[in-house]
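J.: Supplied in structure tokens, the structure appears directly below.
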Amino acid sequence: MLTKEENDLLCRVEGDAPMGQIMRRHWMPACLIEEVPEPDCDPLKVRIFGEDLVVFRDTEGRVGVLDEMCPHRRASLVFGRNEECGLRCLYHGWKIDVEGNVVEMSSEPPGSGFAEKVKHKAYPVREGAGFVWVYMGPAETMPEWQPPVFQPTPDTRIAIAKIHIDCNWAQILEGAIDSAHSSSLHSSDMVPARVPGAAATDVNWLRPSTDKAPRMQVQRTPFGFRYAAIRRPIANPQTHDYIRTTLFIAPYSALIPPNNLYNVAIVHVPTDDTHTAFHFIAFGGASCPSTEEWRKFLHAQVGIDVDKYFRKVRTRANNYLQDRKAMKLGNYTGVPGIPNQDIVMWETMGPIADRSQDRLGASDLAIVEFRRQMVEAVKEFLAGGAAIGTAEPRIPQNKLNSFEGVVPKSTDWRVMNVSAEELALTGQATSAAE
């Protein structure tokens with residue numbers, strides 16, 4: 001359980017909230033590259049940490065992320081004209097470039113010099129791994145952009161499903177690091193089978209265990225923490241364990257165990273205190289699904305499950321289109337798609353879950369560690385320390401790996417599929433497995 005004050009420290013991101021200020025010290029995904037696909041395309045409204053922004057790609061292909069409101073009379077630039085290397089406000093014709101310079105003032109006399117005196121808020125931008133990234137923190141703490149965990153090599157194949165969700169970011173992230181729920185909530189999609197390890201088909205994921213009560217162990221690391229969910233395998237349960245390791249990469253990402261075809265990561269971008277842009281990502285080599293195949297598998301297709309702005313069709317107002325007849329015929333939830341099943345749970349906790357009412361058990365060890373670590377991180381930041389995930393020693397995210405497999409009981413999961421870079425720092429990590 002957390003106190004109300006601790007819960008606020010964990011969850012709130014708007015304005016001067018310390019968790020939002022921590023996240024602003026990191027590069028954040030502002031939108032998908034496909035949402036601003038070509039020069040002079042439609043501007044895109046984006047909201048991050050409660051701040052309203054506009055993203056646009058100019059005539060030369062450069063991407064800008066600006067304060068949504070025109071500096072003149074505060075009309076929205078989302079409805080402006082994207083033309084000739086600038087975004088022109090419809091109200092009086094002021095035009096602003098990707099760096100926030102006011103390059104034209106149609107309503108002002110020629111030669112007035114007023115344009116040189118006005119600078120609009122514009123944030124640094126990078127493009128990579130399918131996203132437009134934005135840095136919204138102090139200039140003096142801006143780190144170099146580095147490839148994320150889901151881009152281990154420049155030619156990695158990446159497929160991203162995106163859904164806007166009506167609740168706080170932290171309860172969504174807790175879902176990503178909660179291995180125990182998959183055996184119940186996703187039991188119609190993650191099916192026990194006599195396979196040597198996790199496997200993917202076009203319609204479900206297979207796993208070599210029927211065990212619904214994993215034993216949990218946690219290890220703190222320089223990037224956050226790694227935990228293992230240890231289950232009895234279907235084959236050789238007396239001598240072997242089925243182990244799945246998940247990584248929490250502070251402050252907003254998770255790397256979950258792979259299958260035989262691809263790896264999986266989850267990225268959570270706080271829209272504001274009570275809304276989140278959720279990204280479910282498959283990545284790997286040639287066997288990784290295409291973006292459309294991935295979205296179809298997850299029931300997150302644009303024009304079917306979400307609209308062109310990635311707003312979901314299934315909502316609490318329509319009971320998430322839950323099919324009770326399908327449930328009677330054997331489907332566990334009556335809701336198709338792994339993320340859609342999660343959304344029902346996350347949103348029905350409320351806009352911000354009241355963690356003071358939780359009753360946590362042994363399977364919630366990773367949840368306890370996440371809350372403890374992030375509340376500690378906020379308090380350290382408020383005391384003048386570095387934002388979590390920015391201090392040395394640092395491991396490049398794209399060198400991190402998760403693991404799953406059936407292994408002898410004597411196996412140390414802490415070193416399974418761990419990169420040399422991480423292994424070199426393992427001795428400095430603090431175990432939180434007590």
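J.: Give me the number: length gained by fully extending GLU392 to ARG73, i.e. 0.36 nm times residue separation minus the C-alpha to C-alpha distance, one decimal in nm.
T.: Gain on extension, GLU392 to ARG73, equals 110.4 nm.
J.: If I take R0 = 25 Å and measure r between the Cβ atoms of LYS328 and SER187 in this structure, what FRET efficiency does the formula 1/(1 + (r/R0)^6) give, to the nearest 0.05?
T.: The pair LYS328/SER187 has a calculated efficiency of 0.95.
J.: Something else about it: For GLU380 and LYS212, what is the calculated FRET efficiency with R₀ set at 41 Å and r taken between the beta-carbons, to the nearest 0.05? Intermediate values should be presented prior to the final figure.
T.: Working: r = 37 Å, r/R0 = 0.89.
So the FRET efficiency works out to roughly 0.65.
J.: Step through the residues of region 126-143 one at a time and calculate ³J(HN,Hα) from phi using the Karplus curve (6.51 cos²θ - 1.76 cosθ + 1.60, θ = phi - 60°), rounding each to whole Hz and writing x for Gly and Pro.
T.: 9, 10, x, 6, x, 10, 8, 9, 10, 10, 10, x, x, 4, 5, 10, 5, x
J.: Here is a follow-up. How about the chain: what cysteines have no other cysteine beta carbon under 4.7 Å from their own?
T.: Cys with no partner Cβ under 4.7 Å: CYS11, CYS31, CYS41, CYS85, CYS167, CYS288.
J.: Still on this structure, I have one more. In whole Hz and in residue order, list the ³J(HN,Hα) couplings for region 212-223 that follow from phi through the Karplus curve 6.51 cos²θ - 1.76 cosθ + 1.60, θ = phi - 60°; x for Gly and Pro.
T.: For region 212-223, the Karplus-derived couplings read 9, 10, x, 7, 10, 9, 10, 9, 5, 9, x, 9 Hz, x marking Gly and Pro.
J.: Counting other Cβ atoms within 10 Å, which GluC sites (Glu not before Pro) in region 116-167 have at most 16 and lie in a DSSP loop? Present the calculation step by step, with values, prior to reporting the outcome.
T.: Working: sites: GLU116, GLU127, GLU140, GLU144; in loops: GLU144.
Answer by residue number: GLU144.
J.: Can you pull the percent of region 195-349's accessible area that's carbon plus sulfur, 1.4 Å probe, other chains left in place?
T.: Answer for region 195-349 is 54 percent, counting heavy atoms of protein chains only.
J.: For a label point 7 Å from the Cα of LYS4 along Cα→C-beta, name the residues of region 357-375 whose backbone N is under 14 Å from it.
T.: 357
J.: Full extension from SER112 to VAL415: what is 0.36 nm times the residue separation minus their Cα-Cα distance, to one decimal in nm? Spell out each step's value before the answer.
T.: Details: separation 303, 0.36 × 303 = 109.08 nm, distance 6.60 nm.
Using 0.36 nm per residue and subtracting the Cα-Cα distance, I get 102.5 nm.
J.: Under 16 Å Cα to Cα from LYS119, which lysines show up? Leave out anything in the same chain fewer than 8 places away.
T.: Candidates past the 8-residue exclusion: LYS95.
J.: When the chain is fully extended, how far beyond the present Cα-Cα distance does GLU140 get from GLU293, taking 0.36 nm per residue of separation? Don't skip to the end; give the middle numbers.
T.: Details: separation 153, 0.36 × 153 = 55.08 nm, distance 4.16 nm.
Between GLU140 and GLU293, full extension yields an extra 50.9 nm.
J.: Under Stokes-Einstein, with the Kirkwood radius over Cα pairs standing in for Rh, what whole-number D in µm²/s applies to region 263-377 at 10 °C and 1.306 mPa s? Intermediate results must be reported in sequence, preceding the final value.
T.: Numbers: Rh = 16.6 Å.
It comes out at roughly 96 µm²/s.
J.: If you don't mind, there's one more thing I want to ask. Which number do you get for Rg(Cα) / (2.2 N^0.38 Å) in region 93-134? Please list the in-between numbers first.
T.: Details: Rg = 13.9 Å, N = 42, 2.2 N^0.38 = 9.1 Å.
So the Cα radius of gyration is 1.53 times the expected 2.2 N^0.38 Å.
J.: For VAL302, put the label point 7 Å out on the Cα→Cβ axis and report which residues of region 160-203 keep their amide N under 11 Å from it.
T.: 162
J.: What number comes out for accessible area per residue over the chain if the probe is 1.4 Å? Units Å², please.
T.: Using a 1.4 Å probe on heavy atoms only, each residue of the chain averages 44 Å².
J.: What is region 293-434's relative contact order, in percent, from Cα pairs under 8 angstrom and six or more apart in sequence?
T.: On the way: 71 pairs, mean separation 17.9, N = 142.
Across region 293-434, relative contact order equals 13 percent.
J.: What lysines could a cross-link reach from LYS312, if we take a straight Cα to Cα line under 28 Å and drop same-chain neighbours fewer than 8 places away?
T.: LYS45, LYS162, LYS296, LYS325, LYS328
J.: Still on this structure, I have one more. Starting from the Cα of ARG194, step 7 Å along the direction of its Cβ; do the same at ASP16; then give the gap between the two resulting points in nm.
T.: That separation, rounded to one decimal, is 6.5 nm.
J.: Let me ask another. Evaluate the charge dipole of region 195-309 about its Cα centre and quote only its size in Debye, nearest 20, assuming +1 on the Cβ of each Lys and Arg and -1 on the Cβ of each Asp and Glu. Numbers along the way, then the final one.
T.: Working: 11 positive and 9 negative charges, 115 e Å.
Here region 195-309 has a charge dipole of around 560 debye.
J.: Still on this structure, I have one more. Can you quote the Å³ per residue value for the convex hull of the Cα atoms in region 1-157, rounded to an integer?
T.: Details: hull volume 22.7 nm³, N = 157.
Given the Cα convex hull of region 1-157, per-residue volume reads 144 Å³.
The values are calculated or read from the model by the stated rules, or taken from the named source; none is laboratory data. Keep in mind that this is a model prediction, so the values were computed, not measured. Neighbour counts run over all protein chains shown; Cβ positions are idealised from the backbone, glycine included. Keep in mind that these areas ignore ligands, DNA and RNA; they rest on the heavy atoms of the full protein, side chains included. Shrake-Rupley method; radii C 1.70, N 1.55, O 1.52, S 1.80 Å.
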